[in-house]
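Before any comments, here is the structure.
The values are calculated or read from the model by the stated rules, or taken from the named source; none is laboratory data. Given the structure is predicted, the values throughout are model-derived calculations rather than measurements. Here the Cβ positions follow ideal geometry from the backbone for every residue, glycine too, while neighbour counts run over all protein chains shown.
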């Protein structure tokens, strides 16, 4: 029996049906979410706001916007929270579809194509080289030419998913003068230490054609609540508010987001965990015969396999109840690629043992 196609990681009900167990017994390496879970501060905030469920949420998310304003040194009117960054990607794609074409670096997160195609955008795919990547590049691939893009858009993510590649901010900056609209998904940027981050949030006020998307679900373990935000020119965000549902962010998500953003200790523990767990997992994967992990700056690795990743996925589920992400949802990747999240040191060892056995 072969697994059915999965567009996203983290489908534990599906994985459990293949493994013949409860979803709670699956060790999930398919979704790149912090294994530290939801901060206790966010749990407490959720509990404190349960009494607010009878009331409509603040449609402007004023408290959350104020906290994000303090974190990023951007005025609140430049910030728009959403029902996960996926909702905000939808509105960014609606604007990209109004341009002559949109350049998309591939392989790319599947929701990029979904949202662009939903509005009939003309997509020009720009494939990245995967082979021979031994160091993180300091510039974007050379397929981006210097002229002729004034009526076009660019959609990219930094760090890149699924490779974990980190693009230097100074390599992206020149592109802002060449494209009518540049949308950068920085969903995994907060897993990097502040001094390592290559965010362009501080340049949004200088470039009205720049949109930054951020997620709060991965770093803070809030995937079930759905919470993200966009940083862009207020005029653009006003248009998006006219397109969206009036209450996209529920009261519990907003409260959890505020608490997490203020939880400096949780942030430090997350960075310390990743620093400890990242390199041993990479080295362990590289030591296994037939596997070639690609260096990554963040909390996941894309791994090339000499055998079918679909076969590996199924055998891991059945033998060890471990779920990895096969990469068939990335059209540019064959079933010889899979992606794994970085989890705790002991969980990573369990993954390596499971892979070695199969």
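Filter the range 164-178 down to residues that are in contact (Cβ under 8 Å) with a residue 40 or more places away in the chain and either surrounded by 23 or more Cβ atoms within 10 Å (Cβ to Cβ) or not in a loop (DSSP other than H, G, I, E, B) (or both) and give me whichever is farthest from the chain's Cα centre (by Cα). Out of the qualifying residues, it is 165.
Within the range 346-358, residues that are under 11 Å from residue 29 (Cα atoms) have Cβ atoms under 8 Å from residues that are modelled with pLDDT of 95 or more and part of a helix (DSSP H, G or I) in these pairs: 348/277; 348/280; 348/281; 348/284; 351/281, counting only partners at least 6 apart in sequence or on another chain. Among the candidates 144, 173, 154, the residue that is in contact with a helix residue (DSSP H, G or I) (Cβ under 9 Å, 6 or more places away or on another chain), within 22 Å of residue 199 (Cα to Cα), at pLDDT below 90 and not assigned by TED's automatic domain parsing to the domain that holds residue 297 is uniquely 144. Just a yes or no: is a residue in the range 190-203 in the same structural domain as residue 68 (by TED's automatic domain parsing), out of contact with any strand residue (DSSP E or B) (no Cβ under 9 Å at 6 or more places or on another chain), more than 27 Å from residue 302 (Cα to Cα) and at pLDDT below 95? No, the conditions are met nowhere in the range 190-203. Of all positions in the range 330-337, none carries a residue that is under 21 Å from residue 35 (Cα atoms) and touching a strand residue (DSSP E or B) at 6+ places or on another chain (Cβ under 9 Å).
Can you tell me which residues in the range 204-214 are outside any helix (DSSP H, G or I) and in contact with a strand residue (DSSP E or B) (Cβ under 8 Å, 6 or more places away or on another chain)? Talk me through it step by step, then tell me what you get.
Taking the range 204-214 and keeping what is outside any helix (DSSP H, G or I), we get 207-214.
Those that are outside any helix (DSSP H, G or I) and in contact with a strand residue (DSSP E or B) (Cβ under 8 Å, 6 or more places away or on another chain): 207, 209, 210, 211, 212, 213, 214.
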